[in-house]
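Here the structure comes first, spelled out in structure tokens, and everything after it is commentary.
Every number in this text was worked out from the coordinates using simple rules, so none of it is lab data. Bear in mind that the values here come from a model prediction, so they are computed numbers and not experimental data. Here Cβ is always computed from backbone atoms with ideal geometry, including for glycine, and neighbour counts include all displayed protein chains.
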Amino acid sequence: MTTYHRPMYRELRTRLLEQRRFIQFVAGARQVGKTTLVQQVVRSLRIPVHFASADEPSLKDSSWIAQQWERARALAMDRDAILVLDEIQKAGTWSETVKRLWDEDSRNGTNLKVVLLGSSPLLMQRGLSESLTGRFEVLRLPHWSAAEMQEAFGWSVEQYIYFGGYPGAAPLIEDETRWRRYVQDALIETTISRDVMLLTRIDKPALLRRVFELGCRYSGQILSYTKMLGQLQDAGNTTTLAHYLELLAGSGLLTGLQKYAGEHVRRRASSPKFQVYNTALISAQAHQSFEEARRDGAHWGRLVESAIGAHVLNSLPPETNIHYWRAGSRELDFVIRSKARLVALEVKSGRMRDVQPGVSAFADAFHPDRILLVGADGIPVNEFLRTPTEQWLS
């Protein structure tokens, strides 16, 4: 059995073997391997397990959670047992129900370990903060890295830059039309229609989709909300756009990086820099094949920059943030801020820019602990993409 997300595998296994009782939340976007990881962990423990999923067209309610919980309790009469509930955020009032059942087991000394999985981190976080304070630990699974896609499928870094890090789509890349259709239908549309629209109020569904499409098209670029309004029809207002971008980020599709401003508070209304979490989201909606994209220097440069940004986003250590910086005609691609370290990162992809690199200006203003140059005479792109971001922060 081949195991990916190895650090997360070891962490979850260790937690489930401990005597301390915490609900384990495994969160991450669709198709990043949450279910497979949990199944591999529980099989290795040889503990009775009950697995159930709420990921069906009709939403589950709180009684469904209670029914699954009782089935798992029956396995834990005189020994440890594990309950795994997948796509838990789709069950109505799930956090209140889980709190009640968990507290009952704590009072009664029931030996039931609980693992909850969800593909909408933003919505799960709301439930956690509302009802389950002090009762849970979170394990966040990122999109697959270049190193994992190479090990699993023998991909080159160039294939990873274009096709991204969705393991379920990997076997389809020899038929790019079929690959695009899979990414568009099984990943993008399913995430938007089932992980976002069914679980939170969306007044302008068509606008949400257009914001996503615009963000993918401009991934790696700064676009003010005013310019966004100019490109979108029936765009509402900047507050709506910012909210929809937040929802897309919470579903693991697309985010808007905020400008780094030192110790000053950053406003959500400032111009975001679009950044996809997975470059497959760009390529699946573009009209260029892999070979055509490789020959198009400008387009390939944007893909490289988006792949670098996605890699940093997906491998950031806890309590670390990523921003961009711009002052006048000077711009720095990424600013990585942890508690103790400030790292400036500039990508040399070869594409033409409408602004000048801002490494020196940023260094003069903020005195970063480290300056990283990726591409050209700096760190090779393939080396950077195969190395966890944490290793560049030391």
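Structural remarks
- Listed by number, the DSSP H helices of the chain that run 20 Å or longer by alpha-carbon position along their axis and have mean Kyte hydropathy of at least -0.5 are 297-314.
- The share of Cα pairs per 10 Å bin across segment 167-313, counted from zero up to the longest distance, runs 11, 39, 36, 13, 1 percent.
- Rounded to the nearest 0.05, the FRET efficiency derived from the C-beta distance between Arg43 and Ser394 at R0 = 56 Å is 0.95.
- Once the Cα-Cα distance is subtracted from the 0.36 nm per residue extended length, the Arg13 to Ser193 segment shows a gain of 61.5 nm.
- Helix-only [θ]222 nm of the chain, DSSP H runs n ≥ 4, -39500 (n - 2.57) each, per residue, nearest 500: -12000 deg cm²/dmol
- Dipole orientation for the chain: of the candidates Tyr218, Tyr182, Leu254, Leu254 has the Cα lying most toward the positive pole (charges on Cβ; Lys, Arg +1; Asp, Glu -1).
- Modelled FRET efficiency - R0 35 Å, Thr177 with Ser62, Cβ distances, 0.05 increments: 0.25
- Separation in nanometres of the label points that stand 7 Å from Cα toward Cβ, at Arg386 and Ser271: 3.7
- As computed over segment 276-394, the Cα convex hull volume per residue (Å³): 110
- More than 28 angstrom apart: percent of Cα pairs within segment 146-392: 31
- Shape metrics for segment 326-394, restricted to C-alpha atoms - Rg then Dmax, Å: 12.2, 34
- Simple spin-label estimate for Glu70 and Gln288 in nanometres, 7 Å along Cα-Cβ: 5.8
- Max mean-square fluctuation residue, GNM over the chain, Cα-Cα springs under 10 Å, options Lys227, Lys259, Lys348: Lys227
- Per-residue HN-Hα couplings for segment 163-173 [Karplus 6.51, -1.76, 1.60; θ = phi - 60°; Hz; x = Gly/Pro]: 8, x, x, 9, x, x, 8, 4, x, 9, 5
- In segment 240-344, the C-alpha radius of gyration followed by the widest Cα-Cα span (Dmax) gives 14.8, 44 angstrom.
- Under 5 Å, built H, 5+ apart or other chain: amide partners of Arg21: none
- Divide the volume of the convex hull around the Cα atoms of segment 6-140 by the residue count and you get 98 Å³ per residue.
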